[in-house]
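Please treat every number below as a calculation from the coordinates, not as lab data. Computed from a predicted structure; not experimentally measured. Cβ coordinates were reconstructed from backbone atoms using ideal geometry, including for glycine residues, and neighbour counts include every protein chain displayed.
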Amino acid sequence: MFQYFLRGGIMMYPLLVCSVLIVAVIVNRIMVFYRAETDEKRLMVRIKEFLEKGMPEGAIALCDKTSGPVAAMLRAGLVEHEKGKNAMEEAFETAALYEIPRLEKFLPMLSMMASVSTLIGFSGTVLGMISAFNSIAKANVSSPAVVAIGVGQALITTAAGLLIAIPAIVSYHYFIGRVDKHVLEIEKRCKELINMIILMGERKKKNGAREK
């Protein structure tokens, strides 16, 4: 493997840097999305239980203990729930400005590294072919042995660039799909919380009217 790296020429070094960055981003995002996983249905059930008991502080504390963007967004809404629907929606929007970019962090870099790796690989191909033709010109013969080094360098850098870019592109689209999933879940649970609080408010008004 190391022999192929040396034979690939100078363009293998930036490809090595790209591969290290890509692996670092992939590992980082895997850890972030793993921590972001939450049992949203159970969380909503427990929040409802706290609210029905008149314990919004318990629901907020539950969200504090629960990891993930959904819990963080729900907490923001719960803090403002007494001020009404508009205040909750504003709180959700403010929290989204922080939570969504956390999920998307480094993904543009992953996409860029995939493109850059491909271009570096093709650049190595061009340099390898230039080296091959220079060897022909200097030797003044067309023997395959003369051009083998340059062609070998060209093929190695192309292969290396593609082998680095393909996992990066696949990972990028996978993580984008995970982001979209979390965004949809956030929107769903935030609307569910607003409806839950509105219904509870209406029940309290009806019960109060009956008591009078």
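Past 23 Å, Cα to Cα, is the threshold; run K53/K83; K41/K65; K85/K105; K85/K188; K65/K206; K53/K181 against it and keep the listed order.
Distance filter (> 23 Å) returns K85/K105; K65/K206; K53/K181.
Rounded to the nearest Å, what's the spacing between the alpha carbon centres of the range 40-85 and the range 164-201? Just the number, please.
18
If you compute Cα extents along the principal axes in Å for the structure shown, which of [x] 56, 40, 31; [y] 48, 41, 37; [z] 107, 26, 18 do you land on?
Identified label for the calculated read-out: [z].
Which ³J(HN,Hα) values, rounded to whole Hz and listed in residue order, are derived for the range 111-124 from phi using the Karplus coefficients 6.51, -1.76 and 1.60 in 6.51 cos²θ - 1.76 cosθ + 1.60 with θ = phi - 60°, glycine and proline given as x?
Karplus-based 3J(HN,Hα) across the range 111-124 equals 5, 5, 5, 5, 5, 5, 4, 4, 5, 5, x, 5, 5, x Hz.
Taking θ = phi - 60°, what integer Hz values does the Karplus form 6.51 cos²θ - 1.76 cosθ + 1.60 yield along the range 32-49, in sequence order, with x for Gly and Pro?
For the range 32-49, the Karplus-derived couplings read 5, 6, 5, 5, 7, 5, 9, 7, 5, 5, 5, 4, 5, 4, 6, 4, 4, 4 Hz, x marking Gly and Pro.
Quick check on the exposure proxy: order L21, L155 from fewest to most C-beta atoms within 10 angstrom.
Details: L21 19, L155 15.
Exposure proxy ranking, most exposed first: L155, L21.
Relative to the first principal axis of the alpha-carbon coordinates of the chain, what is the inclination of helix 85-104, with its axis defined by its Cα atoms, in degrees from 0 to 90 and to the nearest 10?
20
Okay, helix-only estimate at 222 nm for the chain: each DSSP H run of n ≥ 4 adds -39500 (n - 2.57), divide by all residues, round to 500 deg cm²/dmol; what do you get? Don't skip to the answer; put the middle values down first.
Numbers: 8 runs with 186 residues, N = 212.
Computed ellipticity for the chain at 222 nm equals -31000 deg cm²/dmol.
Can you tell me how the range 26-115 classifies by the Cα gyration tensor, rounded, prolate or oblate, using a/c under 1.5 as the rounded cut?
Oblate is the answer for the range 26-115, as a/c is 1.5 or above yet b/c matches or exceeds a/b.
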